[in-house]
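To start, the structure under review is shown below, and the notes come after it.
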Amino acid sequence: MIFEVDESAVDSYFTVSIMNLKLLVGTIVYYCWGLLHSSNSYAAFTNCDHALAMNDRVLRTNQFAIQRDGEDAAALGDLFLNEVNELPENSHFFESGAGEAHVLRQLTDGQFLRGKWVQLKSQKITALGIAKPESPSITALANNATRRFRYLEGKYLEDYALAEIGTCDFIFDQYGAFSYTARIDLVIRKYLELLKVGGKMYLDFKPSGIAFVERPNGLEDYLKKIPNIQFYLLNQGSLIRLVKTGTVSPESIPELLFRNFIPSIPPVRVY
């Protein structure tokens with residue numbers, strides 16, 4: 001029997017394996033250095049340019065994981081599904097870091113999920129990615145003349161002007177900009193600039209991809225410092241639900257001291 005080998009799959013496997021090896025080595029170096037030096041010395045010592053360049057290449061060539069365990073709308077829970085169903089027809093749904101848009105396709109096609117029919121019907125939909133994947137889901141959405149859909153590509157979320165995306169009623173980020181940026185504070189600032197008062201945001205991410213040197217509760221402590229939001233940690237801390245309850249000025253969002261960036265898929269960011 002002869003088996004054919006998909007060379008692109010092999011290349012992708014080795015790319016992920018090498019980057020994960022670098023993650024392990026980088027993590028060991030980081031903790032060893034941290035035992036010997038203060039956090040300020042470490043921040044001054046670290047040069048992340050090469051790691052950031054590697055991350056940029058991953059994004060622009062679509063080498064990130066586009067099919068992940070649990071990438072299913074049902075896994076996001078009843079509250080997420082109910083709030084999607086409750087969106088008014090004239091609302092704006094924004095998915096940042098859409099990848100192959102598996103969840104978005106589920107929501108637009110409509111499916112029975114967790115015992116109920118869930119569907120985005122006539123809402124305006126914007127999806128964003130650094131590089132546009134050759135995805136059947138994206139193609140089907142783009143070719144549907146009855147749906148108000150657009151795909152933005154070529155820039156990082158932080159580089160878009162407000163008018164290019166437009167204000168949003170619902171923001172969904174599943175292993176998107178929040179998971180791959182070096183500056184999560186800038187991404188949160190952009191999201192809160194885009195989100196209307198009363199709007200909701202869901203961030204689905206890998207908690208181990210964000211580390212805080214001086215904050216015992218890390219991300220939760222940081223979010224508590226932002227005024228006029230309510231947030232909830234769901235799915236054992238891997239899903240953030242955030243509601244914007246009032247105006248949030250960019251100046252009120254604390255800036256984070258970026259300390260280190262360890263390449264992986266997704267990367268580890270240290271603050």
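The values are calculated or read from the model by the stated rules, or taken from the named source; none is laboratory data. From a predicted model like this one, the values you see are computed outputs, not experimental measurements. So basically every Cβ, Gly included, is an ideal-geometry build from the backbone, and we count neighbours across all protein chains shown.
All but one of (1) modelled with pLDDT under 95; (2) among the β-branched types (Val, Ile, Thr); (3) out of contact with any Ser or Thr (no Cβ under 7 Å at 6 or more places or on another chain) hold for residue 247; which doesn't?
Looking at each condition in turn, residue 247 falls short on (1).
Of a type in the set (Lys, Arg), touching a His at 6+ places or on another chain (Cβ under 9 Å) and surrounded by 13 or more Cβ atoms within 10 Å (Cβ to Cβ) - does that describe any residue in the stretch 112-129? Quick ask: steps written out before the conclusion?
At the first step, the residues of the stretch 112-129 found to be of a type in the set (Lys, Arg) are 114, 116, 121, 124.
Now narrow it down to the ones that are touching a His at 6+ places or on another chain (Cβ under 9 Å): 124.
If we keep only those that are surrounded by 13 or more Cβ atoms within 10 Å (Cβ to Cβ) as well, we get 124.
Yes - at least one qualifying residue is present in the stretch 112-129.
Which residue is nearest to the chain's Cα centre (by Cα), if the candidates are limited to the stretch 194-214 and must be among the basic types (Lys, Arg) and farther than 23 Å from residue 264 by Cα?
Looking only at the stretch 194-214, we keep the residues that are among the basic types (Lys, Arg), and these are 196, 200, 206.
Restricting the remaining residues to those that are farther than 23 Å from residue 264 by Cα gives 196, 200.
Details: 196: 19, 200: 15 Å.
The extreme case among them is 200.
The conditions are (1) under 21 Å from the mean Cα position of the chain (by Cα); (2) within 27 Å of residue 163 (Cβ to Cβ), and residue 90 fails exactly one of them. Which is it?
The failed condition is (1).
Name the residue that is nearest to residue 248 (Cα to Cα), counting only residues in the stretch 167-182 that are in a loop (DSSP other than H, G, I, E, B) and in contact with a Lys or Arg (Cβ under 8 Å, 6 or more places away or on another chain). First the steps, then the outcome.
Going residue by residue through the stretch 167-182, those that are in a loop (DSSP other than H, G, I, E, B) are 167, 175-176, 181-182.
Next, from what is left, pick out any that are in contact with a Lys or Arg (Cβ under 8 Å, 6 or more places away or on another chain): 167, 175, 181-182.
Values: 167: 14, 175: 24, 181: 21, 182: 22 Å.
Ranking the candidates gives 167 first.
Those residues that are closer than 12 Å to residue 229 by Cα and part of a strand (DSSP E or B), I need them from the stretch 192-202; list them, please. Show your work before the answer.
Initially, the stretch 192-202 is screened for residues closer than 12 Å to residue 229 by Cα, giving 192, 195-201.
Selection gives 195, 196, 197, 198, 199, 200, 201.
All but one of (1) at pLDDT 80 or above; (2) over 18 Å from the mean Cα position of the chain (by Cα); (3) crowded, with 17+ Cβ neighbours inside 10 Å hold for residue 48, so report the exception by its number.
All conditions are met except number (1).
Within the stretch 223-271, how many residues turn out to be in contact (Cβ under 8 Å) with a residue 40 or more places away in the chain, among the β-branched types (Val, Ile, Thr) and surrounded by 14 or more Cβ atoms within 10 Å (Cβ to Cβ)? Before you say what the answer is, go through the steps one by one.
Step one: filter the stretch 223-271 for residues in contact (Cβ under 8 Å) with a residue 40 or more places away in the chain, giving 234-235, 239, 241-248, 250, 253-271.
Retained after the next criterion (residues that are among the β-branched types (Val, Ile, Thr)): 243, 245, 247-248, 253, 262, 265, 268, 270.
From what is left, the residues that are surrounded by 14 or more Cβ atoms within 10 Å (Cβ to Cβ) are 243, 248, 253, 262, 265, 268, 270.
Of the residues in that region, 7 qualify.
Which of the residues belonging to the stretch 134-168 are crowded, with 20+ Cβ neighbours inside 10 Å and over 12 Å from the mean Cα position of the chain (by Cα)? Break it down stepwise before answering.
Taking the stretch 134-168 and keeping what is crowded, with 20+ Cβ neighbours inside 10 Å, we get 135, 137-138, 141, 149, 157, 165, 168.
Across the stretch 134-168, the qualifying residues are 135, 137, 138, 141, 149, 165, 168.
Kindly provide the set of residues from the stretch 213-222 that are closer than 17 Å to residue 174 by Cβ and surrounded by fewer than 14 Cβ atoms within 10 Å (Cβ to Cβ), ordered by number. First the steps, then the outcome.
Let us first name the residues in the stretch 213-222 that are closer than 17 Å to residue 174 by Cβ, namely 219.
Result: no residue meets the conditions.
Yes/no matrix, rows are residues, columns are (1) charged (D, E, K, R); (2) under 26 Å from residue 149 (Cα atoms); (3) outside any helix (DSSP H, G or I); (4) touching a helix residue (DSSP H, G or I) at 6+ places or on another chain (Cβ under 6 Å):
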{"site": "190", "(1), (2), (3), (4)": "yes, yes, no, yes"}
{"site": "208", "(1), (2), (3), (4)": "no, no, no, no"}
{"site": "222", "(1), (2), (3), (4)": "no, no, no, no"}
{"site": "255", "(1), (2), (3), (4)": "yes, no, yes, yes"}
